Amino acid sequence: MSRITYLEAGRLALAEEMRRDPTVWAVGEDLGRGGVFGQYRGLVDEFGPDRISDAPISEACIMGAAVGAAMMGTRPVVEMRFADFALCAIDELVNQAAKARYMFGGQTRVPLVVREPLGMWRSSAAQHSQSLEAWYAHIPGLIVACPSTPADNKGLLKAAIRCDDPVVYMEHKSLWGLEGDVPEDPDYVIPFGKARIVREGRDATIVSWSNQVHIAAAAADKLAAEGIECEVIDLRTLWPWDKAAVLASVEKTGRLLVAHESVSVAGFGAEVAATVAETLHRALKGPVRRLGAPRIPVSYAPPLEDRVRVTESRIVSTIKEMTADRSAAA
Amino acid sequence: MATEAVRRISNLDVERLRAHHRMMLRIRAFEEQALKGLEDKVVLGAIHPSIGQEAVATGVCANLGRGDILLSTHRGHGHTLAKGADSLAMMRELLGREGGNCGGKGGSMHIADFSVGMLGANGVVSANIVIAAGAAHAIKLKGENHIVCCIFGDGAINRGPFLEGLNWAAVFKLPVLFVCEDNGFAATTRTSTMTAGDGPSARARSLGIPAVEVDGNDVLAVEAAAAELTSAIRSGGGPRFLQARTYRLTGHTGADPAAYRPKAEVEAKWKEDPIARLADILRASGLPDAEIDADVDAARREMLDAYKTAFDTPFPSSDQAFVDVQDVGDPRVEAY
């Protein structure tokens, strides 16, 4: 184990995979200078400008070129700077990358990774703060990963690079500086669709992913001090997602709260809630609850920006409402 | 005109020209058969015929080897045949049958044969330009010698990927031949009414990409222009651009009667039919009519046979709908 940041873990994963496989290369704006957040710092010195490739501000071509290069047997890692900018390349990702294998009848594969940093970060306002992970979970052909810890950022990015299908890889901008223990094993690969049980509990299940996991865990600590034990599940990947882990947990606790930073309406929380409701309604002790952002754009001014956040205190009060009948039932 | 062409190409290689003629006849016959299939409701979905444009596919692809890569458009049957794809597999694809190039999942608009380096037609106008840039980027990264050819229509030059893909290819000095198959129409609108400036090749030149304009209904001129451009690309010269002016003799799709253009215009354009023009040259260089007729018959017979065989081939089993989506998160495991 070594103690490194989420950002360093991502950089390490890419470097190790590039050493392991000469067909892996990264392409995006400003990569030679380390990328907008420093995720690529120093890599050009080891791998050269062909494999850590700068690109014009040309998202459609960065993504489209990656599709062509992937079909020709290389493994491009595409950097989009901000998830918001990837919207300039949606045709290339959704109509091309996600469909090529299928619509050409399996004649080709598109092993590309697109890194789309998401989430609210330092008053970045409406076009640099979005969490659009649910969009991609809706698209057949795509894998969607949302790592929440340094170790996961190493293990999931490696899985993404080794995957033969396109992966939307969404790091959270607020997590770059988060430190954690990361396995040194160069084959530390976390399989997609395997949730992480952040803490165990008997009273309620909180399902989350990305930065929201840490807020949920903090809320669970507070609730534990009051005798309410929450099981916190980090989904890690939205497609595939670990239904088995969620269902097993809710079967035990009888209560489900899904908490995510993205807009609640048609968010992935709805998918989780619906699945649990369809499968487990007899085990449920109360209605499934969701916490997400209201359906408004993210603002610049801190009081406005903060208004959309799913905070620790909102999670605490929601769980308390959900468990109010607990002592009576017990 | 035929004699002028004969004079222009001394040392006329009749067999080579006849091969071009046969290829163009095969493309024409394939699409006429596909349109017949559409009438019979056996060919499904949309068919975008390239009738009248066969010289572009034939002249360009004559300069591509098996290892070279081709990307095409929604109007891509001709390009695909000229790159060497099998007509029966293509016909099966158009009928949505087993053994189609894409197993019946793509149809006409996604026709592709990776085994001959044909990386696909594309249902989105202009989309293949950036993908072609990337295919060429991979060739450069791997240090291989092949080139990429990307054919698109004049309608494609008003979408962003045209600018982005050409800029990319020029910046990275990639081995790509961009071919603008300029048939004058963007779907059912005259491209000139919706395009500012001096057109496709002027736009390419503005990005520093050498560009050539050619009569796209003259297969020999297309072949010669493409030969020069591909040779420059093969010797490391970076991307090149070919604008081939032609005319779409049919509507945008098999269902489009193209009533938006005067009959006289279309009749006049039929007189420039690239196949008839090459046949004139072949006759002038001594090929008997009987031989030409035999080539016409052979092409029609090949495509009729392909159609009949495809018709007798079963549809894929519906379980195939779940195959080749993705490995992890496979819908056969994850259900819905």
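No value in this document is a laboratory result; all are computed from the given coordinates. Small disclaimer: the values here were computed from a predicted structure and weren't measured. Here the Cβ positions follow ideal geometry from the backbone for every residue, glycine too, while neighbour counts run over all protein chains shown.
Counting DSSP beta bridges in chain A, what percent are antiparallel, to the nearest 5? Numbers along the way, then the final one.
Working: 9 of 37 bridges.
Antiparallel bridges: around 25 percent, rounded to the nearest 5.
Compute the length gained on full extension between B:V266 and B:N158: take 0.36 nm times their separation in residues and subtract their Cα-Cα distance, giving the result in nm to one decimal. Each step should come with its number before you reach the end.
On the way: separation 108, 0.36 × 108 = 38.88 nm, distance 2.51 nm.
This chain segment gains 36.4 nm when fully extended.
How far apart, in nanometres, would the label points at A:D181 and A:T311 be if each is projected 7 angstrom from Cα along the Cα-to-Cβ direction?
For the pair A:D181/A:T311, the computed spacing is 3.3 nm.
Apply the Karplus curve 6.51 cos²θ - 1.76 cosθ + 1.60, θ = phi - 60°, to the phi angles in the stretch B:228-241 and return the couplings in whole Hz, x for Gly and Pro.
Going residue by residue, I get 5, 5, 5, 5, 5, 5, 5, 8, x, x, x, x, 9, 9 Hz, with x marking Gly and Pro.
Excluding the sites themselves, what is the longest stretch of chain B that contains no GluC sites (Glu not before Pro) in a DSSP loop with at most 15 other C-beta atoms within 10 Å?
On the way: sites that count: B:E98, B:E144.
Counting only loop sites that pass the neighbour cut-off, the longest clear stretch is B:145-336.
First measure r as the distance between the Cβ atoms of A:K222 and A:Q127, then evaluate 1/(1 + (r/R0)^6) with R0 = 30 Å and state the FRET efficiency to the nearest 0.05. Don't skip to the end; give the middle numbers.
Numbers: r = 34 Å, r/R0 = 1.13.
With R0 = 30 Å, the Cβ-Cβ based efficiency is 0.30.
What are the ³J(HN,Hα) couplings of the stretch A:303-317, residue after residue, when phi is run through the Karplus curve with 6.51, -1.76, 1.60 and θ = phi - 60°? Round to Hz, x for glycine and proline.
Here the 3J(HN,Hα) series is x, 6, 4, 5, 4, 8, 5, 8, 8, 4, 5, 5, 5, 4, 5 Hz.
Across the stretch B:139-155, in residue order, what do the Karplus-derived ³J(HN,Hα) couplings come to in whole Hz, using 6.51 cos²θ - 1.76 cosθ + 1.60 with θ = phi - 60° and x for Gly and Pro?
Once θ is set to phi - 60°, the couplings for the stretch B:139-155 become 4, 5, 4, 7, x, 8, 9, 6, 10, 10, 10, 10, 9, 9, x, 5, x Hz.
Are there chymotrypsin sites (Phe, Trp or Tyr not before Pro) in the stretch B:217-288 that DSSP puts in a loop and that have at most 13 other Cβ atoms within 10 Å, and which ones?
Numbers: sites: B:F241, B:Y247, B:Y260, B:W270; in loops: B:Y247, B:Y260.
For chymotrypsin sites (Phe, Trp or Tyr not before Pro) across the stretch B:217-288 that sit outside H, G, I, E and B with at most 13 neighbouring Cβ atoms in 10 Å, the list reads B:Y260.
Restricting to DSSP H runs of at least four residues, report the calculated mean residue ellipticity at 222 nm for chain B, -39500 (n - 2.57) per run over all residues, nearest 500 deg cm²/dmol. Present the calculation step by step, with values, prior to reporting the outcome.
On the way: 13 runs with 152 residues, N = 336.
So the calculated ellipticity at 222 nm is -14000 deg cm²/dmol.
Taking H placed 1.01 Å from N in the peptide plane, check which residues at least 5 places from A:W239 or on another chain put their amide H under 5 Å from its amide H.
A:V144
Please report, in whole Å, how far the alpha carbons of the stretch A:196-329 spread along each principal axis, starting with the longest.
The Cα atoms of the stretch A:196-329 stretch 44, 34, 23 Å along their principal axes.
Which cross-chain or sequence-distant (5 or more) residues have an amide H under 5 Å from the amide H of A:L291, H modelled 1.01 Å from N in plane?
Close amide H contacts, sequence-distant or interchain: A:V258, A:A259, A:H260.
Compute the projected area of the convex hull of the Cα atoms of the protein assembly as shown, averaged over all viewing directions, and report it in nm² to one decimal place. Show your work: numbers first, answer last.
Values: hull surface 129.3 nm².
Projected over every direction and averaged, the Cα hull of the protein assembly as shown covers 32.3 nm².
Expressed in whole Å with the largest first, what are the equivalent ellipsoid semi-axes of the stretch B:85-212 derived from the C-alpha gyration tensor as the square root of 5 times each eigenvalue? Kindly include the intermediate steps, with their values, before the conclusion.
Details: eigenvalues 149, 88, 20 Å².
They are 27, 21, 10 Å, listed from largest to smallest.
Do any trypsin sites (Lys or Arg not before Pro) in the stretch B:215-293 lie in a loop, going by DSSP, with at most 11 other beta-carbon atoms within 10 Å of their beta carbon, and if so which?
Details: sites: B:R234, B:R240, B:R245, B:R248, B:K263, B:K269, B:K271, B:R277, B:R283; in loops: B:R248, B:K271.
Here the trypsin sites (Lys or Arg not before Pro) that fit, given the DSSP loop and packing criteria, are B:K271.
Based on DSSP, what percent of beta bridges with both residues in the protein assembly as shown are antiparallel, to the nearest 5?
20 percent
How much mean residue ellipticity at 222 nm does chain A get from its helices, if each DSSP H run of length 4 or more adds -39500 (n - 2.57) and you divide by all residues, to the nearest 500 deg cm²/dmol? If you can, show how the numbers build up before the last one.
Numbers: 12 runs with 120 residues, N = 330.
Taking each H run of at least 4 residues, the total per residue is -10500 deg cm²/dmol.
Between A:V198 and residues 5 or more places away or on another chain, which pairs have amide H atoms under 5 Å apart, with H built 1.01 Å from N, and which residues are they?
Those lying under 5 Å, H to H, from A:V198 are A:V232, A:I233, A:D234.
Determine the distance separating the Cα centre of the stretch B:286-336 from the Cα centre of the stretch A:171-189; give it in Å without decimals.
If you average the Cα positions of each part, the centres end up 49 Å apart.
Below 17 Å, Cα to Cα, which aspartates and glutamates can B:K269 reach? Residues fewer than 8 away in the same chain don't count.
The reachable aspartates and glutamates, counting only those whose Cα sits under 17 Å from B:K269, are B:E54, B:E181, B:D182, B:D215, B:D218, B:D280.
Please work out the FRET efficiency for the pair B:F311 and B:R22, using the Cβ-Cβ distance as r and a Förster radius of 25 Å; give the result to the nearest 0.05. Each step should come with its number before you reach the end.
Details: r = 24 Å, r/R0 = 0.97.
In this case the efficiency is close to 0.55.
Once you place label points 7 Å from the Cα toward the Cβ at B:R205 and B:T188, how far apart are they in nm?
Here the answer is 3.5 nm between the modelled labels.
Test of understanding: ordering B:H21, A:H138, B:H146 by Cβ neighbours within 10 Å, fewest first, what list do you get? Display every interim value, and only then the final one.
On the way: B:H21 26, A:H138 14, B:H146 18.
Listing B:H21, A:H138, B:H146 from fewest to most nearby Cβ atoms yields A:H138, B:H146, B:H21.
Show me the trypsin sites (Lys or Arg not before Pro) within the stretch B:98-163 that DSSP assigns to loop and that have at most 13 other Cβ atoms within 10 Å of their Cβ.
Numbers: sites: B:K105, B:K140, B:K142, B:R159; in loops: B:K105, B:R159.
Sites meeting the loop and neighbour criteria: none at all.
Could you pull out the pairs from A:K194/A:K222; A:K173/B:K142; B:K41/B:K271; A:K222/A:K320 whose alpha carbons sit more than 23 Å apart here? The partial results should precede the final answer.
Details: A:K194/A:K222 26 Å; A:K173/B:K142 34 Å; B:K41/B:K271 31 Å; A:K222/A:K320 11 Å.
Exceeds cut-off: A:K194/A:K222; A:K173/B:K142; B:K41/B:K271.
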